[in-house]
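A.B. asks: Would you mind keeping the following structure in view while I ask a few things?
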Amino acid sequence: MEQVIEAGGDDLEMDDENFIITCEPTMLHEVRTALMAAKVPVKNSELTMIAKTSVEVSAADAPAVLKFMDLLEEHDDVVNVYTNFELSAEAVEALDA
């Protein structure tokens with residue numbers, strides 16, 4: 001954690017097997033370079049969008065929103081799809097049924 005902060009990282013999380021470091025987009029190269037210089041293995045580094053606010057999707061709207069997401073992801077000209085929605089517990093239950 002100390003190396004991440006010194007390198008300019010803002011946050012450090014862990015998923016199943018990897019650490020995920022968040023930093024300002026302008027700091028990406030510097031953070032990566034500093035970690036590599038400290039002999040910390042870097043598996044991947046990329047710019048990505050992270051929503052600052054989220055919107056809850058109701059059970060009634062969830063199928064349409066998810067279908068729209070699928071259509072976007074399948075489109076040949078679309079590289080990445082970012083969202084800021086969260087499915088309500090009711091929406092998840094309705095989709096599982």
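A.B. asks: Being surrounded by 11 or more Cβ atoms within 10 Å (Cβ to Cβ) and among the acidic types (Asp, Glu): is that true of Asp76 here?
C.D. replies: Spelling it out, it is not the case that Asp76 is surrounded by 11 or more Cβ atoms within 10 Å (Cβ to Cβ) and among the acidic types (Asp, Glu).
A.B. asks: Considering every residue within the range 23-38, establish whether at least one is surrounded by fewer than 14 Cβ atoms within 10 Å (Cβ to Cβ), closer than 29 Å to Ala7 by Cα, at pLDDT 90 or above and within 17 Å of the chain's Cα centre (by Cα).
C.D. replies: Within the range 23-38 (the criterion being surrounded by fewer than 14 Cβ atoms within 10 Å (Cβ to Cβ), closer than 29 Å to Ala7 by Cα, at pLDDT 90 or above and within 17 Å of the chain's Cα centre (by Cα)), the answer is yes, since at least one residue qualifies.
A.B. asks: Let me ask you something else. Among the listed residues Val78, Val31, which satisfies the condition of being touching a Cys at 6+ places or on another chain (Cβ under 8 Å) and among the aliphatic types (A, V, I, L, M)?
C.D. replies: Val31
A.B. asks: When you check Ser45 against the structure, is it polar (S, T, N, Q) and closer than 30 Å to Leu28 by Cα, yes or no?
C.D. replies: For Ser45, the condition - polar (S, T, N, Q) and closer than 30 Å to Leu28 by Cα - is met.
A.B. asks: Related question: Can you report the number of residues in the range 35-65 which are farther than 17 Å from Ser88 by Cβ and of a type in the set (Gly, Ala, Ser)?
C.D. replies: 3
A.B. asks: In addition: Go through the range 15-27 and give me each residue that's over 16 Å from Lys39 (Cβ atoms), of a type outside the set (Ser, Thr, Tyr) and in contact with a strand residue (DSSP E or B) (Cβ under 7 Å, 6 or more places away or on another chain).
C.D. replies: Ile20, the sole residue that qualifies.
A.B. asks: Sticking with this one: Can you report the number of residues in the range 39-59 which are touching a residue at least 24 places away in the same chain (Cβ under 8 Å), among the aliphatic types (A, V, I, L, M) and surrounded by fewer than 12 Cβ atoms within 10 Å (Cβ to Cβ)?
C.D. replies: The number of residues fulfilling the criteria is 4.
A.B. asks: Shifting gears a bit: Answer yes if at least one residue in the range 25-44 is in a loop (DSSP other than H, G, I, E, B) and β-branched (Val, Ile, Thr), and no otherwise.
C.D. replies: Yes, the range 25-44 contains at least one residue that is in a loop (DSSP other than H, G, I, E, B) and β-branched (Val, Ile, Thr).
The values are calculated or read from the model by the stated rules, or taken from the named source; none is laboratory data. The model shown is predicted, which means the values in this text are computed figures rather than measured ones. Backbone-built Cβ (ideal geometry, glycine too); neighbour counts: all protein chains shown.
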